[in-house]
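Before any comments, here is the structure.
The values are calculated or read from the model by the stated rules, or taken from the named source; none is laboratory data. This one's a predicted model, so the numbers in the text were calculated from it and none came from an experiment. Quick reminder, even Gly has a Cβ in these numbers, built from the backbone with ideal geometry, and neighbours come from all protein chains shown. Heavy atoms of the whole protein, side chains included, go into the accessibility calculation; ligands, DNA and RNA do not. Shrake-Rupley method; radii C 1.70, N 1.55, O 1.52, S 1.80 Å.
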Amino acid sequence: MREHRPQSLLQRLIEPEEIAHMVVYLSSEQASATTGGALRVDGGYIDSILP
């Protein structure tokens, strides 16, 4: 049987302020060259299934 073990590279939950910082960045002129797919603010979450 496999066990489902979610992991975070930060080893903690992210704070709401960290999401707000990304929103501010994306709303700013500094993000004018940011294009492409979805941007994730998840603290480096890795969803893994280990034996």
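For the reader, a short list of remarks on this structure follows.
- Boolean, Glu3 is at pLDDT below 70 and charged (D, E, K, R): yes
- For first residues located in the range 29-42 and within 21 Å of Leu9 (Cα to Cα), partners that are in a loop (DSSP other than H, G, I, E, B) and open to solvent by less than 100 Å² (accessible area, probe 1.4 Å) and lie 6+ apart or on another chain with Cβ distances below 8 Å form the pairs Val41/Ile14; Asp42/Ile14.
- Within the range 35-51, considering residues that are surrounded by 10 or more Cβ atoms within 10 Å (Cβ to Cβ) and part of a loop (DSSP other than H, G, I, E, B), the one modelled with the highest pLDDT: Leu39
- Selection status of Leu26, modelled with pLDDT of 70 or more, open to solvent by 90 Å² or more (accessible area, probe 1.4 Å) and not polar (S, T, N, Q): no
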